[in-house]
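Taken together, the values in this text are just the output of simple stated rules run on the coordinates, not laboratory data. Every value quoted in this text rests on a predicted model; they were computed, and no experiment measured them. Every residue, glycine as well, gets a Cβ built from its backbone with ideal geometry; the counts of neighbours run over all protein chains shown.
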Amino acid sequence: MRRLIRACYTGAGGYSYAKKADDVAREYGFDRVAHLASNENPWPPSPAAIEAAADALRTANRYPDERASALIEALRRYHGDYRFVTGSGMDGVIETVIRTVVEPGESVVVSTPTFSFYGIAAAAHGARVTSVPRREDFSVDPAAFIEACRGAKLAFLCSPNNPTGNSVPPEVVEEILEEMDGLLFLDNAYVDFADLDYRPLMHRHENLILGRTMSKLFALAGFRVGYAFVPEWLEPFYQKAATPFALNSVSMAAAIGALGDLDRMQKIRDHVRIWRRRFLEEIPFRVYPSDANFVMIDVTPHTGDEVTERLAARGVLVRSCTSFPGLGNHYIRVSIGEDWENAQFLEAIKDI
Ligand SMILES: *Cc1c(COP(=O)(O)O)cnc(C)c1O
C-alpha cells in the first residue's frame, strides 16, 4: 500500500522532535532531567490562563468562535490596533499562509539555517523551496535574499533566528520589504525575549506578516496558540483558506488569560536575560550572542550529536543542531530553563 503515499513522505525528512525527557530519565536512571531541548518556558502557564481554560471546558460541547473575536480583542489590548489572524500554533498559521498565496509548483524562499517547518509545510503544499544561506556569522545578506525573492510570492525570515539566536535589524527587514515582490513572513517566535520591535513596520508595508506564538514566553506550548499581524487586505483571504475551528475554545481562553498576566512575563524575561549573559560568560566553547531564550554553541572538536548524548548521560537534554539544513554538525542549541536546570547544564558542559 506504500505506493499510495506521496513521494515527499516516502524518503527521509519530516520534523525532528527533541528526545523525550522521560525516555532519557529512564535510560540513565535519573529522577529528574534538565529539559533544555525545546525552548519552552520551564514554568507552568499563568494561573489566570489555567483558570480561564478550566472555565472554557464547561462549554466545550459548542464549536469555538470561528473569528476568535475575544482573543483578537485581547491581542489588540496587548499590542494596539493591528489586524490579526490566529491558528493552531504559529505552525498552523504558517500552513494557512502558504495555502492562501502559493500555488503548487511555485517557489517559496527560506533564509537558512533556520526552523525547518517553513520548508516542510511548503513542500507538503507542492511548492519548490529556495534556500538562501546566511553569511558565515549567520547575519542575513539582504542583496542575496532580495535576489532570491525575485518572482516569489512568499519568503520566510526568522528573527530572532532559531537555532542561531541572532536577530535581523529592522532596517534590514525594511530594505528587503521595499525591494521584494511578494509577502515576507517574519517569524517573531522569540521576539518577546529581545529588545526589538518590528510592529511599526506593519504601518509602512503592505507585504509583511509578523508570526507570533504563545508557546514560548507565554508558556502555552501544549495549548497550540499562534497568531500573526497581517496587512488588512490579506485577512479575508486567510479566513477562506483556514481550516474551520483550527484554534479550539479552551486554548483561546488560556491565551486570553496569559496575555493579562504581564508581571509573570516580565519576571521570565528578566530571568532569561540573566542566564543568557551567564551562558555567554561561563560556557567553555564558542557561544553565539542570542536575543532569544536559548543559545547556540559551537562544540568543535566534538560533534553536536556526541555532546548531546554525553549531556543526556548527565541528565541534561539539549538539542543537537545536525538536523538543521545548512548548518554544520558541530553545534548544539540549549534553552534557558529553571536555575537548577541551567546550573546542571553548566556543570556538565564544563566537563566535556
Ligand atoms: C517554536 C517555534 C514556532 C512554533 O510555534 P508554535 O506556535 O508552537 O507552533 C515557530 N517558529 C519558530 C522559529 C519556533 O521556534
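Could you list the trypsin sites (Lys or Arg not before Pro) in region 1-64 that lie in coil according to DSSP, counting only those with at most 10 other Cβ atoms within 10 Å of their Cβ?
Answer by residue number: ARG6, ARG58, ARG62.
Quote the relative contact order of the chain in percent (integer), defining contacts as alpha-carbon pairs under 8 Å separated by 6+ residues.
25
Which loop GluC sites (Glu not before Pro) in region 120-199, with loop taken from DSSP, have no more than 11 other Cβ atoms within 10 angstrom of their Cβ?
Sites meeting the loop and neighbour criteria: GLU136.
Which semi-axis lengths, in whole Å and largest first, follow from the square roots of five times the eigenvalues of the Cα gyration tensor of region 242-352?
Those come to 31, 19, 13 Å.
Across the chain, how many lysine pairs separated by 8 or more positions, or lying on different chains, have Cα atoms within less than 19 Å?
Step by step, the pairs that qualify in the chain add up to 4.
At 7 Å along Cα-to-Cβ for each site, give me the label-to-label distance between ILE5 and GLU103 in nm.
About 3.1 nm, to one decimal.
How many angstrom separate the Cα center of region 55-122 from the Cα center of region 310-325?
29
Within a 10 angstrom radius of the beta carbon, how do LEU217, LEU311 rank from fewest other beta carbons to most?
Going from least to most buried by this count: LEU217, LEU311.
Kindly provide the pair-distance distribution of region 127-218 built from C-alpha pairs, with 5 Å bins from 0 and whole-percent values in order of increasing distance.
Values per bin, smallest distances first: 3, 13, 26, 27, 19, 10, 2, 0.
Modelling each spin label as a point 7 Å along the Cα-to-Cβ direction, I'd like the ASP195/ALA54 distance in nm, to one decimal.
3.9
HN-Hα J couplings of region 190-202 from phi, Karplus 6.51/-1.76/1.60, θ = phi - 60°, integer Hz, Gly and Pro as x?
Karplus values, whole Hz, x for Gly and Pro: 10, 5, 4, 9, 10, 9, 9, 9, 8, 4, x, 4, 4.
Only helical DSSP H runs with n ≥ 4 go in: add -39500 (n - 2.57) per run for the chain, normalise by residue count and round the 222 nm mean residue ellipticity to 500 deg cm²/dmol.
The helix contribution divided over the chain gives -11000 deg cm²/dmol.
Mind telling me which of ALA60, ALA148, ALA313 comes out most flexible in a GNM of the chain, alpha-carbon contacts under 10 Å?
Checking each option, the largest mean-square fluctuation is seen for ALA60.
Region 47-259: Rg/Rh from Cα coordinates, Kirkwood Rh?
Result for region 47-259 is an Rg/Rh of 0.97.
Residue separation times 0.36 nm, minus the C-alpha to C-alpha distance between GLN239 and ARG83: what's the value?
Gain on extension, GLN239 to ARG83, equals 54.9 nm.
Please list log₁₀ I(q)/I(0) at q = 0.16, 0.22 Å⁻¹ for region 79-163, using the Debye equation with identical point scatterers on the alpha-carbon positions.
Relative scattering, expressed as log10 I(q)/I(0), comes to -0.65, -1.09.
Give me P(r) over region 143-279, computed from all C-alpha to C-alpha distances, binned every 10 Å, as integer percentages.
10, 36, 35, 17, 2
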